[in-house]
1. Tell me whether region 36-57 contains one or more residues that are within 16 Å of H10 (Cβ to Cβ) and among the aromatic types (F, W, Y).
2. Mind listing whichever residues of region 36-67 are touching a Ser or Thr at 6+ places or on another chain (Cβ under 8 Å) and of a type outside the set (V, I, T)?
3. Could you check region 38-121 for strands (runs of 3 or more DSSP E) lying wholly inside it with 1 or more residues that are within 28 Å of K3 (Cα to Cα) and at pLDDT 95 or above?
4. Check I82, I103 and return the single one that is of a type in the set (V, I, T), over 13 Å from V16 (Cα atoms), free of Cβ contacts under 8 Å to residues at least 60 places away in the same chain and surrounded by fewer than 17 Cβ atoms within 10 Å (Cβ to Cβ).
5. Looking only at region 1-58, which residues are free of Cβ contacts under 8 Å to residues at least 12 places away in the same chain and surrounded by 12 or more Cβ atoms within 10 Å (Cβ to Cβ)?
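The values are calculated or read from the model by the stated rules, or taken from the named source; none is laboratory data. Computed from a predicted model, the values in this text were never measured in an experiment. Don't worry about glycine lacking a Cβ; one is built from the backbone with ideal geometry, like all the others, and counts go over all protein chains shown.
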Amino acid sequence: MNKTLKLTVHAKAFEVMVTGEKTEEYRRKSKWIMSRLWKKVDELRGIPVYAKKEYETIEIRNGYGKNSPFFIAEFKGHLENIHPFEETFSNGLQVNVYKHDQIIEIGRIIKVGNYGNIQQKTKTKKP
């Protein structure tokens, strides 16, 4: 199995993820994210039964272009949140996580690409 879960995030989230400060990605429960994380395996009395999809790695991108910054990390699993909470990170990013949000656990970073592009843009914006 060599499956990679691919997700796109905003710049502030990417900044704290690529450094290893933020080790979980939170996604609202939606048809799209559920189709990436769960698979229907059976049906009992008309009720679908689901199992977790397994991935080896996760690719996080900041943007959609071929030159957008990205990293590839170990995929450590996912679960559904049951208690709402808030997190604040060193760059000011604040994340509110609600009941039923999907928590995707990110492991050791294996590869980083195009990250210099973010650093250059940040440096040119400062006076």
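1. no
2. Y55, E56, E59, R61, N62, G63, Y64
3. 57-61, 70-80, 94-97, 102-113
4. I82
5. Within region 1-58, T19 is the sole residue that qualifies.
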